[in-house]
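As structure tokens, the structure follows; a few thoughts come after it.
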Amino acid sequence: MIAFLIPMVALLGLSVVAAVGAMRAGRHAPESDSGPSQAVARARLAGPATGPGPARAAAALAGPARPGPRAGVRGRRRGPDLLPVGATVSFDEERKEADLDGVLGALDRDLVGLVPIKRKVEQIASLLLVDKARNKFGLTAPRPNLHMCFTGPPGTGKTTMALRMAELLHRLGYLEKGHVVHAMRDDLVGEFVGHTAPKTKRVLDRAMGGVLFIDEAYYLYRGADSKDYGQEVIDILLQVMENQRENLVVIMAGYKDRMEEFFTVNPGMRSRIAHHLDFAPYDLDELVSIGQLMLNEASYHLSPAAMVAFRDYVEQQMRQPEFANGRSVRNCLDRARLHHAHRLAGNAGQRWTRDDLMRLEPADIVDDDLVAHARDRRVADGRPTAGRLTPGGQPVPG
Ligand SMILES: Nc1ncnc2c1ncn2[C@@H]1O[C@H](COP(=O)(O)OP(=O)(O)OP(=O)(O)O)[C@@H](O)[C@H]1O
Ligand SMILES: [Mg+2]
């Protein structure tokens, strides 16, 4: 008798879950598409005569109340597709389907260091995999909150990681398109009354199905300026991040201390962001490895002497206040390619080998600005302007 009752109860339970799932899907199906809600927003925003107030504009832009927790993810199973209670799942298939190992492997290969960030990305990927597997059994849980904040100094890979994250979320079925729309204050904040909401809406429309990456988000808020429309953007974002989280992932980025201030004055924003990832500045070895990776990608390499010059150069640059980690390395190498090209092309009569076309020499690793600066200083000091310069553009002593 008991043996007969247990499967019956299990079956009943599954049908209830399936029925609730189907009801939710039915009720929210038209709303999970951003189309109709955006049409409503457009209609509401179309009346400049009455001019929607910020709150109304935010409500219109935010779309419908958040759909049921299971909607909005590709491959969500409902009703008869549910696995029976006694079934088992393995993550092999899901990992393969999403080519998760490919994405995570590429992350490891293409990005130097960033170990804590990569670990966090793997955790997020695992959460999403388990979420999908649970869904196969009809185990309901709210869709994981995927809004993120990336903090760290310039050039530490925040934008690069946002692109990778969008790809990952797309492959796992959590984002329909997986593209990234990059926005800063000027892309979102209007200049006069009624200008901000439509401007923000245009950016949000473009970002739907992907990631909205807001760089230096703290510039949205100018506490001292009561006429500033940044707060209107923040209000709209707060609503969209809650109500449209099936369709959009927001990643904010900026310096850690300034983001902290921003969240302190906008606690609602902090609570909407589930993942805070802090990008540390790179050490010298990591920067040199980043440089080598960039050169490999572009089929260049450093001669042994150029490697020494490059290391010296980066070490000097790290002490400069405007140093921007990976970006400074990229800039240095872009300049090196220019110098290399000039060195070769300037020698019209000479024949160059394939290796010559790939190999950078110490003479190529120079910073034009520093060279000019050093030369100006020498002119100002009444010293000779010719002479050897270090890779950092400093005159060689002696
Ligand atoms: N760990 C890394 N491995 C390889 N390249 C990297 C790494 N981190 C950064 N880079 C490279 O450095 C450059 C700057 O990176 P990115 O634009 O992602 O930094 P960011 O943190 O967004 O900077 P910012 O705060 O100034 O916007 C890019 O060319 C990127 O490919
Ligand atoms: Mg960036």
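The values are calculated or read from the model by the stated rules, or taken from the named source; none is laboratory data. Bear in mind that the values here come from a model prediction, so they are computed numbers and not experimental data. All Cβ positions, even for glycine, are placed from backbone atoms using ideal geometry, and neighbour counts span all protein chains on display.
Tabulated results
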item	result
Those residues of region 220-264 which are assigned to a helix (DSSP H, G or I) and within 13 Å of ligand 1 (Cβ to nearest atom), in sequence order	256, 258, 259
Looking only at region 134-162, and only at residues there that are crowded, with 17+ Cβ neighbours inside 10 Å and of a type in the set (A, V, I, L, M, F, W, C), the one that is nearest to residue 287 (Cα to Cα)	161
Residue match in region 265-272 (condition: under 24 Å from residue 165 (Cα atoms), crowded, with 18+ Cβ neighbours inside 10 Å, within 16 Å of the chain's Cα centre (by Cα) and more than 16 Å from ligand 2 (Cβ to nearest atom))	no
Single match in 71, 60 (criterion: in a helix (DSSP H, G or I), under 21 Å from residue 243 (Cβ atoms), in contact with a Lys or Arg (Cβ under 8 Å, 6 or more places away or on another chain) and at pLDDT below 90)	60
Inter-residue pairs, beta-carbon under 6 Å, first assigned by TED's automatic domain parsing to the domain that holds residue 158 and in region 203-224, second of a type in the set (Asp, Glu) and part of a loop (DSSP other than H, G, I, E, B), 6+ apart	209/176; 222/228
Out of 273, 236, sole residue that is among the β-branched types (Val, Ile, Thr) and touching a strand residue (DSSP E or B) at 6+ places or on another chain (Cβ under 7 Å)	273
Which numbered condition residue 211 fails, given (1) of a type in the set (Val, Ile, Thr); (2) closer than 21 Å to residue 165 by Cβ; (3) more than 16 Å from ligand 2 (Cβ to nearest atom)	(3)
Within region 344-359, considering residues that are within 18 Å of residue 295 (Cα to Cα) and charged (D, E, K, R), the one surrounded by the most Cβ atoms within 10 Å (Cβ to Cβ)	359
Residues being of a type in the set (Phe, Trp, Tyr) and part of a helix (DSSP H, G or I) - total across region 208-219	2
Any hit, region 142-154, residues being out of contact with any strand residue (DSSP E or B) (no Cβ under 7 Å at 6 or more places or on another chain), within 16 Å of ligand 2 (Cβ to nearest atom) and modelled with pLDDT of 90 or more	yes
Residue that is in contact (Cβ under 8 Å) with a residue 24 or more places away in the chain, within 14 Å of residue 148 (Cβ to Cβ) and in the same structural domain as residue 155 (by TED's automatic domain parsing), where the choices are 270, 258, 245	245
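Listed here are the residues, each with its yes/no results for (1) assigned to a helix (DSSP H, G or I); (2) within 16 Å of ligand 2 (Cβ to nearest atom); (3) surrounded by 15 or more Cβ atoms within 10 Å (Cβ to Cβ).
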residue: 288; (1), (2), (3): yes, no, yes
residue: 292; (1), (2), (3): yes, no, yes
residue: 296; (1), (2), (3): yes, no, no
residue: 307; (1), (2), (3): yes, no, yes
residue: 311; (1), (2), (3): yes, no, yes
residue: 321; (1), (2), (3): no, no, no
residue: 326; (1), (2), (3): yes, yes, yes
residue: 330; (1), (2), (3): yes, yes, yes
residue: 334; (1), (2), (3): yes, no, no
